Amino acid sequence: MGIVFGTTYIMGMVFGKIVVETPKYTVTKSGDGYEIREYPPAVAAEVTYDASEFKGDKDGGFQVLAKYIGVFGKPENEKPEKIAMTAPVITKEGEKIAMTAPVITKESEKIVMTSPVVTKEGGEGGKKMVTMQFLLPSMYKKAEEAPRPTDERVVIREEGGRKYGVVKFSGTASDSVVSEKVKKLTSDLEKDGFKITGDFILARYNPPWTLPPFRTNEVMIPVE
């Protein structure tokens, strides 16, 4: 029975079924092919790195954060308690986000992974830096409630309420496809009178083995 359940579970993900926690949000407006969403505050785990540390893979920080929450075994935090994985993985380009100081907690636990995972790119001293972020499960309301990482590269920070213009699309989120989505969404938002307040975020909801036609991706642009 366990084998059948496991096979069904994996096959569901292959065909795009999202089986993990995703962020709550409110749609305040629906535009021509996009939505305006408001997200409540959240707690996130982040790691900032030069992609060359991972042979040019800008998603190389994923394993660092996955180890923190215990995806691959014993969690690399001070309480080890396993946390369920969430979606999406989020990538943000164009700026380096300031990091907050690591949170100090009395015990560590394995955290269920929530979505999104956020990756933010920016240049520093000629290097292309990336900040990847996992939003922690909604049970964590404050940074102090999250377990302290044992890897000093991982930082816990609080995200305030956010407002985004969002366009959803399937397929592979290649640089060229994302660039086209960003260009059109930017144009649509400006045409409809929204003030853009930062760089775009790419949210990817599925694991790498999901077939491209069944993948869920979103380009998100912060607005006032």
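The values are calculated or read from the model by the stated rules, or taken from the named source; none is laboratory data. These numbers come from a predicted model, not from an experiment. Quick reminder, even Gly has a Cβ in these numbers, built from the backbone with ideal geometry, and neighbours come from all protein chains shown. SASA here: full protein model, heavy atoms, side chains in, ligands and nucleic acids out. Shrake-Rupley method; radii C 1.70, N 1.55, O 1.52, S 1.80 Å.
Taken over the range 189-210, the residue count meeting the criterion of being among the hydrophobic types (A, V, I, L, M, F, W, C), modelled with pLDDT of 95 or more and farther than 18 Å from VAL178 by Cα is 1. Looking at LYS82, LYS55, LYS74, LYS29, just one residue is surrounded by 14 or more Cβ atoms within 10 Å (Cβ to Cβ) and either over 19 Å from the mean Cα position of the chain (by Cα) or in the same structural domain as ALA143 (by the TED database) (or both), and that residue is LYS82.
Based on what the data block shows, is GLU152 surrounded by fewer than 19 Cβ atoms within 10 Å (Cβ to Cβ), modelled with pLDDT of 80 or more and in a strand (DSSP E or B)? Against the criterion (surrounded by fewer than 19 Cβ atoms within 10 Å (Cβ to Cβ), modelled with pLDDT of 80 or more and in a strand (DSSP E or B)), GLU152 does not qualify.
Could you please let me know if GLU144 is surrounded by fewer than 15 Cβ atoms within 10 Å (Cβ to Cβ) and closer than 14 Å to GLU35 by Cα? Even if it seems obvious, please write down each step before you answer.
Numbers: surrounded by fewer than 15 Cβ atoms within 10 Å (Cβ to Cβ): yes; closer than 14 Å to GLU35 by Cα: no.
Taking the combined requirement at face value, the residue does not satisfy it.
For ALA173, the conditions (1) in the same structural domain as PHE62 (by the TED database); (2) assigned to a loop (DSSP other than H, G, I, E, B); (3) aliphatic (A, V, I, L, M) are fulfilled apart from (1). Within the range 163-193, being closer than 17 Å to GLY31 by Cα and in contact with a helix residue (DSSP H, G or I) (Cβ under 9 Å, 6 or more places away or on another chain) holds for GLY165, VAL166, VAL167, PHE169. Residue under question is ILE90, and the condition is that it be at pLDDT below 80, within 24 Å of LYS183 (Cβ to Cβ) and not assigned by the TED database to the domain that holds SER176; does it hold? Yes, satisfied. Considered as a group, the residues in the range 179-212 that are outside any helix (DSSP H, G or I) and among the hydroxyl-bearing types (Ser, Thr, Tyr) include one that is least open to solvent (accessible area, probe 1.4 Å), and that residue is THR210.
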